[in-house]
Amino acid sequence: MRIGIPKEVKNHEYRVGLTPGSVRELVSTGQEVFVETTAGIGSGFHDQEYQAVGAQIVADAATVYETADMIVKVKEPQPHELNLLRKNQILFAYLHLAPDPEQAKVLIAAQAIAIAYETVTDAVGGLPLLAPMSAVAGRIAIQTGAACLEKKRGGSGVLLGGVPGVPPGKVLIIGGGVAGYNAARMAVGLGASVTIIDKNMQRLNELDQLFESRVQTIFPTLETIEAQLRETDLVIGAVLIAGGAAPKIVTRAMIQKMRKGSVLVDLSIDQGGCFETSRPTTHEAPYYITDGIIHYCVTNMPGAVARTSTFALNNATLPFVKAIATKGVQVALQDDPHLRNGLNICLGQVTHATVARALGFTFTAPEEATIPYRTV
């Protein structure tokens, strides 16, 4: 199979779809890999490293898309990239289609086979290709939130860890999944007072045991959420519905009752955000202030630590890339129901139920979607 790696072009996105080590693995199985020049530079990989393991370096993204049977990316294609996709071409990347109907429409019209990292599953109900970036984002969220609390950024001037004689700052984490757990680890490490809210009592029990009562766990009701928000310095939104739009857990009315200078970091922003006042931001202009509350809603937070993130992502995605390349997409999807759960759009059909529902489009079961050829 011809595999293409274009350079990421989203604002301040420095990750790359495949490392040289991953390329070497693919080339060893007989695949051809085409890498856009300087695609890996943001993660510290030079063209010569890709060439040394058998990749072919090409001059531009158009050549990558024209040549490749499968495009392996990190973030969703930007508008000008979407126009380069063609019928039957496989796209393997984070897509986050629920809040982005325009992208979905172009992928449908292109008749592409779009497999989304964020909806690939595993045997225990997890999301193995989303998890590594959720872990990175959760850890970054605390670093970023702590910086936003500084007065020069409009924050309240609270130091999360406090000092002797002064109590620590309060961190509220909404959602106890991978991102929320990693945010809690960082916040506890800084010495903050940490509370986690999650509607799954089993998960709350697990978190209580993991942190040995160093965090407070609370079941969410409107009353408990409102009470916590009034006393919190930093709120991390880490709510997830796989493939679907994030629910608006925190309303604007709740936010207006918070202490001025407090900070909201919305890790759910890729799926539309879990705060009513959230809107997507970039690393170039990462935060804004609404109702006196700082909002940090960058849609590609792990891109800030591109080298770590790229290695973590490749560890998770490479086995799936190899399966698609060696078996062909049709057989790979037939053989692996977890990879099949990642199929969002196939030759003009929306093949993920939650995505279809969020967009208001007709759902076609992936087993019924016709892939008329076997790519090898």
Within the stretch 147-177, residues more than 29 Å from the chain's Cα centre (by Cα), open to solvent by 30 Å² or more (accessible area, probe 1.4 Å) and at positive phi come out as G157, G165
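Which ranges mark the helices (runs of 4 or more DSSP H) fully within the stretch 241-357 that have 2 or more residues being among the hydrophobic types (A, V, I, L, M, F, W, C) and under 17 Å from the mean Cα position of the chain (by Cα)? Quick ask: steps written out before the conclusion?
Values: elements: 252-255, 306-327, 329-335, 337-340.
Passing ranges, in order: 306-327.
Yes/no matrix, rows are residues, columns are (1) surrounded by fewer than 15 Cβ atoms within 10 Å (Cβ to Cβ); (2) touching a Cys at 6+ places or on another chain (Cβ under 9 Å); (3) modelled with pLDDT under 95:
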| position | (1), (2), (3) |
| --- | --- |
| T326 | no, no, no |
| Q334 | no, no, yes |
| H338 | no, no, no |
| L343 | no, no, no |
| C346 | no, no, no |
| A356 | no, no, no |
| P366 | no, yes, yes |
| T370 | yes, yes, yes |
| R374 | yes, no, yes |
Residue satisfying all of: in the stretch 12-35; buried (at least 17 other Cβ atoms within 10 Å of the Cβ) and among the polar types (S, T, N, Q); nearest to M70 (Cα to Cα) among these: Q31
Please determine, by comparing only the residues of the stretch 89-146 that are at pLDDT 95 or above, assigned to a loop (DSSP other than H, G, I, E, B) and β-branched (V, I, T), which one is least open to solvent (accessible area, probe 1.4 Å). V120
Pull out all pairs, ordered by first then second residue, where Cβ-Cβ is under 8 Å, the residues are six or more apart or on different chains, the first lies in the stretch 139-152 and is more than 14 Å from M186 (Cα to Cα), and the second is among the charged types (D, E, K, R) and outside any helix (DSSP H, G or I). L149/D233
Mind listing whichever residues of the stretch 168-177 are in contact (Cβ under 8 Å) with a residue 60 or more places away in the chain and either more than 24 Å from I241 (Cβ to Cβ) or assigned to a helix (DSSP H, G or I) (or both)? G169, K170
Has the stretch 67-74 got at least one residue that is among the β-branched types (V, I, T), assigned to a strand (DSSP E or B) and under 25 Å from G348 (Cα atoms)? yes
All conditions in (1) at positive phi; (2) buried (at least 21 other Cβ atoms within 10 Å of the Cβ); (3) among the hydroxyl-bearing types (S, T, Y) are true of T38 except (2)
I need every pair where a residue in the stretch 202-224 that is closer than 27 Å to T251 by Cα has its Cβ under 6 Å from the Cβ of a residue that is among the aliphatic types (A, V, I, L, M) and not in a helix (DSSP H, G or I), sequence separation at least 6 or different chains. L207/I196; V215/V194; V215/I196; T217/I196; I218/I197; P220/I197; T224/I218
For the subset of the stretch 183-195 comprising residues that are open to solvent by less than 10 Å² (accessible area, probe 1.4 Å) and not β-branched (V, I, T), which member is nearest to the chain's Cα centre (by Cα)? A183
For the stretch 43-60, enumerate the residues that are surrounded by fewer than 21 Cβ atoms within 10 Å (Cβ to Cβ), part of a helix (DSSP H, G or I) and touching a residue at least 24 places away in the same chain (Cβ under 8 Å). E49, A52
Tell me yes or no: at least one residue of the stretch 212-232 is open to solvent by less than 10 Å² (accessible area, probe 1.4 Å) and either touching a Gly at 6+ places or on another chain (Cβ under 8 Å) or part of a strand (DSSP E or B) (or both). no
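The values are calculated or read from the model by the stated rules, or taken from the named source; none is laboratory data. What you see is a predicted model; the values in this text were computed from it and never measured. Backbone-built Cβ (ideal geometry, glycine too); neighbour counts: all protein chains shown. Note: accessible area is taken over every heavy atom of the protein model, side chains too, but ligands, DNA and RNA are not part of it. Shrake-Rupley method; radii C 1.70, N 1.55, O 1.52, S 1.80 Å.
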